[in-house]
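The values are calculated or read from the model by the stated rules, or taken from the named source; none is laboratory data. The model shown is predicted, which means the values in this text are computed figures rather than measured ones. Here the Cβ positions follow ideal geometry from the backbone for every residue, glycine too, while neighbour counts run over all protein chains shown. Keep in mind that these areas ignore ligands, DNA and RNA; they rest on the heavy atoms of the full protein, side chains included. Shrake-Rupley method; radii C 1.70, N 1.55, O 1.52, S 1.80 Å.
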Amino acid sequence: MTVPVFEEYEPDADCGCPGCAQRRRTAAALPVRHGGHRAAHGARRALVLVTAAGVVLSCGAAQAAATAAGRDTRTGTEADPQPVTPQGTVGPLNSDGASGPPAAPGTAQRTTTRTEIINRAKKWVTAKVPYDMAAYWSDGYRQDCSGFVSMAWNLGTNEWTGSLAGFGTKIARADLEPGDILLFHNLADPAVGSHVTVFGGWTDHTHSHYLAYEQTRPNARKATTPMAYWSNSSQYVAYRYKGIVSGASGSGSATAFPGAAKFATGASNAHVTRLGKMLIAQGGKRFYKQGAGPRWGDADKRATQAFQLAQGWKGKEADGIPGPHTWRLLVSGTGRKIPAAGTGGSTAGTAAYPGRSHFQPGQANSHVRQLGTQLVKKGYGAHYVTGPGTRWTEADRRNVEAFQRAQGWSGAAADGYPGPETWRRLFS
């Protein structure tokens, strides 16, 4: 009989079998060096093939297949997705990146603007930087989730989820702005679930979803993500970088809305040019014969209105004059793109939102009946006694409120008055 060869093995961070889970718990309990690196490197590499065989036996083919598919074998239901993002430790930049020794979070920090943070994040997304906790990109930053944020925040070191909070100030989720982060550091077992994303802006008026820039397998990405993440949502904490500044710098300008006066008749300034470029990037090229320019004109107004209509807005909300909400969606790159000519201003298959003014006490119009009919169709007509009509009533409001609460909304987001997102979901 052949004697088995002794080998070292590392547990997969995304494997849910009992053997790998126990191995991760054991590793997490080992002493920790400065910066979060576990000291017992030799202990981590000491398990032999006999232990590996035990893992295989404890897992079994059925369990392994179910784990790979993201399913819980006990219930047969789909498990919450977990970010598979094991990470490296605190350390200097590598490769072509230049930095000194790791700096303590309390020391003076580099300054940056929100636009620069998002632009740096976009570079990794565009380059499809592959996820690798042991590799470093050409800018010197480690290719894992915390290295991604270290890069976006322009830190002089590669940090990890256990140290990033020291470079920021905790804020309320309601105060999130592009360039802030959402961080979950699992103290019990840092290798399981710990993750961090860069907040890119809200994707709907209810603030239930946002655009996340993140480094995860297989590569850097941006994606519409539920607040605060797909799993462990309640444990994510919002932070704002301490070195963030307003105004312009070498790689971008501030994201703050410059004011309606910059887009008045006869106005000529750099903000008009920037608006035009952002509108062109969102599908509005057909409105500009010679490209974006500094003088406010009819092309700018029509392109702005097309973008507003694409969001499902009506009336004063789609008058062609950019306001703070329009500006925020354009700067962050969120919101729906301007549809091609001839396809209309609403999302395909969805009735265009008529505006809030149609759903107020005393209002009577066909949109109220259209709303009521759709509520009944969706199963939210319990408060109607005689059925939906053209006059807005308390029954309409209560039915809308029931629908909104069914979406998981609360407070002002479930007040019973339909907004663009309520309308979109009702008619989608």
Checklist entry - Going through region 306-322 one residue at a time, which ones are modelled with pLDDT of 90 or more and surrounded by fewer than 21 Cβ atoms within 10 Å (Cβ to Cβ)? => result D319, G320, I321
Next on the checklist: For region 129-148, which positions are touching a residue at least 60 places away in the same chain (Cβ under 8 Å) and in contact with a helix residue (DSSP H, G or I) (Cβ under 7 Å, 6 or more places away or on another chain)?
Outcome noted: F148
Item to check | R397 being within 25 Å of P226 (Cα to Cα), out of contact with any Lys or Arg (no Cβ under 9 Å at 6 or more places or on another chain) and among the basic types (K, R) | outcome: no
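For every residue, the table says whether it meets (1) free of Cβ contacts under 8 Å to residues at least 24 places away in the same chain; (2) of a type in the set (V, I, T); (3) touching a strand residue (DSSP E or B) at 6+ places or on another chain (Cβ under 8 Å).
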position: A310; (1), (2), (3): no, no, no
position: I321; (1), (2), (3): no, yes, no
position: A352; (1), (2), (3): no, no, no
position: Q363; (1), (2), (3): no, no, yes
position: V385; (1), (2), (3): yes, yes, no
position: A395; (1), (2), (3): yes, no, no
position: E401; (1), (2), (3): yes, no, no
position: A412; (1), (2), (3): yes, no, no
position: R424; (1), (2), (3): no, no, no
Next on the checklist: I'd like to check something: does region 169-186 contain any residue that is more than 22 Å from T113 (Cα to Cα) and over 19 Å from the mean Cα position of the chain (by Cα)?
Outcome noted: yes
Item to check | Search result, residues across region 177-201 that are at pLDDT below 90 and hydrophobic (A, V, I, L, M, F, W, C) | outcome: L187, A188, A191, V192
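So if I check each of T216, T224, T161, which one is within 11 Å of the chain's Cα centre (by Cα), of a type in the set (S, T, N, Q) and farther than 15 Å from I118 by Cβ? Working first, answer last.
Working: T216 fails: within 11 Å of the chain's Cα centre (by Cα); T161 fails: within 11 Å of the chain's Cα centre (by Cα).
The unique qualifying residue is T224.
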Item to check | Answer residue from region 282-297, given it is at pLDDT below 90 and over 24 Å from Y353 (Cα atoms) and is surrounded by the most Cβ atoms within 10 Å (Cβ to Cβ) among those | outcome: G291
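Can you list the helices (runs of 4 or more DSSP H) lying wholly within region 228-341 that have 3 or more residues being among the small types (G, A, S) and farther than 21 Å from A174 by Cβ? Break it down into steps so the answer makes sense when it comes.
On the way: elements: 270-279, 298-310, 324-332.
Filter on region 228-341 gives 298-310.
Working only within region 391-424, note down all residues that are hydroxyl-bearing (S, T, Y) and farther than 23 Å from A318 by Cβ. Lay out the reasoning, then the answer.
Here is the first cut: in region 391-424, the residues hydroxyl-bearing (S, T, Y) are 393, 410, 417, 422.
T393, S410, listed by residue number.
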Checklist entry - If you go through region 214-226, how many residues are open to solvent by less than 40 Å² (accessible area, probe 1.4 Å), part of a loop (DSSP other than H, G, I, E, B) and either out of contact with any strand residue (DSSP E or B) (no Cβ under 8 Å at 6 or more places or on another chain) or within 18 Å of G333 (Cα to Cα) (or both)? => result 0
Checklist entry - When residues of region 358-394 are filtered for being within 23 Å of Q407 (Cα to Cα) and modelled with pLDDT of 90 or more, how many remain? => result 22
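In region 147-173, what residues are closer than 14 Å to Y236 by Cβ and either of a type outside the set (K, R) or touching an Asp or Glu at 6+ places or on another chain (Cβ under 9 Å) (or both)?
Scanning region 147-173 gives V149, T161, L164, A165, G168, I171, A172.
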